[in-house]
Structures are given as structure tokens and as C-alpha cells.
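The values are calculated or read from the model by the stated rules, or taken from the named source; none is laboratory data. All values derive from a computational prediction rather than experimental measurement. Glycine gets a Cβ as well: all are built from the backbone with ideal geometry, and neighbour counts include every protein chain shown. These area figures cover heavy atoms from the full protein model, side chains too; ligands, DNA and RNA do not enter into them. Shrake-Rupley method; radii C 1.70, N 1.55, O 1.52, S 1.80 Å.
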Amino acid sequence: MAVKLLMTWDILPGREQEYFEFVVRDFIPGVQRLGMEPSDAWYTMYGDQPQILAAMQMPSISSLERILKSSEWNDLTQRLLDYVENFKIKVVQARSGFQM
């Protein structure tokens with residue numbers, strides 16, 4: 001059963017440019033090297049919701065768990081935390097369309 005890793009966060013004020021450079025140059029290529037397939041990215045313009053929602057699709061929960069336990073994943077998320085706050089993850093059964 002395919003699953004999605006849903007990640008939400010808010011960009012730290014004043015770090016927007018550095019954040020976007022990190023995401024494009026390091027974070028997205030890094031998760032792809034780990035075997036994750038980016039499927040969604042949403043930016044909240046208005047309202048009381050996380051600023052960013054990103055989703056990565058995986059073929060199975062076991063393949064996702066293997067990645068989430070890796071030192072490479074830990075390194076990537078620790079570096080992401082230099083630019084964001086309120087970082088949360090959730091695993092759901094994959095389906096098409098928006099998921100939160």
C-alpha cells in the first residue's frame with residue numbers, strides 16, 4: 001500500500017531567501033536521493049494553518065520507515081530546522097488530490 005509523508009512547517013521570519021535556496025539546492029535533491037518521490041507542495045497565503053505543506057510518496061510504509069530511521073534523513077531535517085519552526089510530520093495512506 002502506497003503511503004504519503006505529509007510535512008508541515010512555518011518559515012522563520014527573515015530567513016525566507018536562505019530557506020528557498022536550501023530547499024531547492026539541498027532538501028529536495030536529498031529526499032530524492034533517499035528514494036522519496038515529492039508529490040505535493042502547498043504554500044498557505046492566508047489563514048491560521050502551517051505556511052508550508054509538502055508531501056512525499058512512498059510505495060510502502062516499510063520503505064518509508066527505513067528512510068525515517070536513517071542518519072541521512074536526520075541530517076536533512078536538522079538542517080531544515082535552521083530555517084523553519086513548527087515542523088510536523090504525519091503518515092497517511094496515499095490517494096490522489098490534496099491531503100492534510
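Could you work out what % of the accessible surface of the chain is carbon and sulfur, using a 1.4 angstrom probe and leaving DNA, RNA and ligands out of the count? Please report the intermediate quantities before stating the final value.
On the way: 3160 of 6210 Å².
Result for the chain: 51 percent of the exposed heavy-atom area is carbon or sulfur.
Given a 1.4 Å probe, how much area per residue of the chain is accessible, in Å²?
Accessible surface, normalised per residue, equals 62 Å².
What is the gain in length, in nm to one decimal, between Thr44 and Arg79 on full extension, counting 0.36 nm per residue of separation less the C-alpha to C-alpha distance? Intermediate values should be presented prior to the final figure.
Values: separation 35, 0.36 × 35 = 12.60 nm, distance 2.21 nm.
In short, 10.4 nm is gained.
Against the longest principal axis of the chain, how steep is helix 71-80, in degrees 0 to 90 to the nearest 10, with axes from Cα atoms?
Value to nearest ten degrees: 20.
Alpha carbons only, please: Rg and Dmax for the chain, in angstrom.
Just the Cα atoms of the chain yield Rg and Dmax of 13.2, 40 Å.
Add +1 for every Lys or Arg and -1 for every Asp or Glu among the other residues with Cβ under 12 Å from the Cβ of Asp75, and state the total.
Values: positive: Arg33, Arg79; negative: Asp26, Glu72, Asp82.
Overall, the nearby charge balance is -1.
Taking the Cβ of Leu64 as the centre, find all other residues whose Cβ is under 13 Å away and add up their charges (Lys, Arg: +1; Asp, Glu: -1).
Values: positive: Lys4, Arg66, Lys69, Lys90; negative: Glu37, Glu65.
My count for the surroundings of Leu64 gives +2.
Output ³J(HN,Hα) for segment 62-70: one whole-Hz value per residue in order, computed from phi by the Karplus curve 6.51 cos²θ - 1.76 cosθ + 1.60 with θ = phi - 60°, and x for Gly and Pro.
5, 5, 5, 4, 4, 5, 5, 8, 7
Along the Cα-to-Cβ line of Glu21, 7 Å from the Cα, sits a label point; which residues in segment 38-80 have backbone N less than 20 Å from it?
76-80
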